[in-house]
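Every number in this text was worked out from the coordinates using simple rules, so none of it is lab data. Just so it is clear, the structure is predicted and the values come from calculations on it, not from any experiment. As a convention, Cβ positions derive from the backbone with ideal geometry for all residues, glycine included, and neighbour counts pool all protein chains shown.
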Amino acid sequence: MLGEQNRTQDEMFVSGTLHELIPEDYILKKVDRVLDLSWLRAEVADLYCATNGRPSIDPEAAVRLMLAGFFHGLVHDRALMREARMHLGMRWFAGFALHESLPDHSSLTRLRQRWGAERFRRIFERTVGLCIQAGLVDGQTVHIDATLIRADVSWESISLQHAEQVWEANQDASGEMPPKPVKPPKRKKRSSTDPECTLTTSTHDVRMQPSYKQHTAVDDRAGVIVDIDVTTGEASEGKQLMQQLQRVEATLGHCPQVVTADTGYASGRNLKALESRGIEAFIPPHRVTSKSDILPIERFKYDERHDWFKCPAGKKLTPHSGFTTGRFYRAQRKDCEQCPLRSKCLAPQTRRRSLTLSEGYPALLRMRRRQKKRDSRWRHFYTRHRWLVEGRHGEAKTQHGLARAVRRGLNNVAIQAYLTAAVMNLKRLARTCKAPEATPERCKTASGVFARVFRLFAKFIKIINADNGTEECLTNI
């Protein structure tokens with residue numbers, strides 16, 4: 001039989017609650033079982049006046065609205081509030097009934113400006129704590145990587161920043177000019193609408209774009225993000241490694257035993273610091289390439305015990321002097337003058353060979369030897385590094401709108417990154433949470449109460465129609 005749906009909806013009352021209308025497998029319903037924001041009100045109480053002004057939007061309701069938007073990929077406030085007006089799940093998750101009006105989108109903007117990025121970081125850290133309590137984090141192996149976030153600026157806003165103009169603008173109050181730098185300043189391209197973003201690129205094949213950089217640390221057990229930091233695009237990820245490990249250690253309560261990262265972190269200083277802390281690292285170094293015909297440093301054997309180099313001809317290069325980031329090694333002049341490899345090792349005007357050794361060079365050599373072996377342990381951890389931390393970056397960009405910043409400024413981009421990471425952690429936490437068991441107390445829902453009220457109301461009308469009087473009506477009820 002061909003069915004027909006009556007599209008006329010004249011119902012004024014619905015015998016049920018929003019909770020009943022939302023399916024049990026809905027993501028926000030699962031997250032509601034594990035999310036605890038009861039601490040948030042006391043956290044932000046110092047930012048509001050207790051005796052003056054109109055009541056603000058409830059802090060927990062505001063955060064729940066923003067989290068609901070990130071779960072659905074709605075990162076813009078206007079789009080979020082338009083969807084929340086029609087979305088029963090978002091209303092229920094944020095605590096707004098059908099007859100209640102939702103806050104204006106500008107209220108969320110002012111709330112972020114008032115709270116600042118640090119309080120949103122605490123929301124993210126709370127999700128990490130919940131994952132630790134649920135056993136999703138062991139803290140033994142941590143995968144670290146960085147990704148670029150396209151800034152919310154147009155190419156028309158990019159212009160050259162001349163250091164000469166800055167030098168002239170920063171003169172003393174007395175009118176005296178500061179001394180000019182001896183080295184000519186390097187001109188950089190900046191955005192006039194978002195000066196904090198910088199032009200950078202992840203590979204040489206892609207053009208530079210105004211971007212921010214997100215530094216991410218992911219635990220190996222369940223892929224929980226344990227640390228997030230946002231810097232300008234030109235910040236080197238290698239210089240952020242040890243600071244990020246310190247934050248991870250403070251969050252987990254102990255130092256991880258294994259750390260994986262990509263080639264951008266493979267500096268001798270980082271590898272030396274990891275070895276000194278007893279951390280096993282799986283970081284592939286840069287490939288050794290030499291554009292000149294002169295013998296590269298890799299052809300010289302380094303003796304770490306005696307701290308000297310031995311050239312291909314068997315002569316020693318001893319340490320001559322040092323600097324802040326390494327040391328110089330030089331050969332004797334008489335050895336280089338009579339060497340048969342002089343034409344391949346020295347330029348015509350050079351009298352003796354010298355080498356510059358960066359800090360942590362022995363640790364870098366050990367990592368290169370380990371990479372060449374590529375044993376099963378190396379393949380295991382570095383394979384997990386690729387699909388865990390790089391997979392989290394892809395998930396954040398494709399599903400939660402982190403491919404491009406939605407607001408300008410370092411703090412706003414950091415807030416977006418913190419909320420995205422919190423949502424991704426809550427998804428993994430909700431996946432492990434079981435649905436509450438059906439008990440008689442839970443089965444006694446509002447629908448049963450409404451049904452009972454309607455039956456009593458119908459009985460009351462029936463008794464009135466029988467002309468039994470008011471007292472008899474109430475007695476029969």
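Calculate the radius of gyration of the Cα atoms of the range 268-395 to one decimal place, then report Dmax, the largest Cα-Cα distance, as a whole number, both in Å.
When restricted to Cα atoms, the range 268-395 yields Rg and Dmax of 18.3, 61 Å.
How large is ³J(HN,Hα), in whole Hz, for each residue of the range 384-389 in order, when computed from phi with the Karplus curve 6.51 cos²θ - 1.76 cosθ + 1.60 and θ = phi - 60°, using x for Gly and Pro?
Working through the residues one at a time gives 5, 4, 5, 7, 8, 6 Hz.
Could you please report the charge total around Gly139, scoring K, R as +1 and D, E as -1 over all other residues with beta-carbon less than 13 angstrom from its beta-carbon?
Working: positive: Arg221, Arg247; negative: Asp138, Asp219, Asp220, Asp227, Glu249.
Overall, the nearby charge balance is -3.
For an R0 of 60 angstrom, estimate the FRET efficiency from the Cβ-Cβ distance between Ser38 and Ser376 and round to the nearest 0.05. Could you put the intermediate results ahead of the total?
Details: r = 47 Å, r/R0 = 0.78.
Step by step, r from the Cβ atoms, then E = 0.80.
May I ask which of Lys272/Lys397; Lys272/Lys344; Lys29/Lys213; Lys310/Lys372; Lys188/Lys372 have a Cα-Cα span longer than 30 Å here? Spell out each step's value before the answer.
Numbers: Lys272/Lys397 33 Å; Lys272/Lys344 32 Å; Lys29/Lys213 33 Å; Lys310/Lys372 22 Å; Lys188/Lys372 39 Å.
Flagged as over cut-off: Lys272/Lys397; Lys272/Lys344; Lys29/Lys213; Lys188/Lys372.
Fewest to most neighbouring Cβ within 10 Å: what's the order for Ile22, Ile149? List each step's numbers first, then the result.
Working: Ile22 17, Ile149 23.
Ascending Cβ contact count within 10 Å gives the list Ile22, Ile149.
What FRET efficiency do you get for Arg7 and Thr109 if R0 is 56 Å and r is their Cβ-Cβ distance, rounded to the nearest 0.05? Show your work: numbers first, answer last.
On the way: r = 38 Å, r/R0 = 0.69.
About 0.90, to the nearest 0.05.
So what is Rg over Rh here for the range 61-126, counting just Cα atoms and using Kirkwood for Rh? List each step's numbers first, then the result.
Working: Rg = 11.8 Å, Rh = 12.2 Å.
Here the Rg-to-Rh quotient is 0.96.
Would you please give the FRET efficiency between His76 and Asp138, computed as 1/(1 + (r/R0)^6) with r the Cβ-Cβ distance and R0 = 35 Å, to the nearest 0.05?
Numbers: r = 37 Å, r/R0 = 1.05.
Taking R0 as 35 Å, the efficiency between His76 and Asp138 is 0.40.
In the range 18-115, if every C-alpha pair distance is counted and binned at 10 Å from zero, what percent goes to each bin?
14, 48, 31, 7, 0
How do Cys197, Cys131, Cys311 rank when sorted from fewest to most other Cβ atoms within 10 Å of their own Cβ? Mind dumping the intermediate values first?
Values: Cys197 29, Cys131 23, Cys311 20.
Result, fewest neighbours first: Cys311, Cys131, Cys197.
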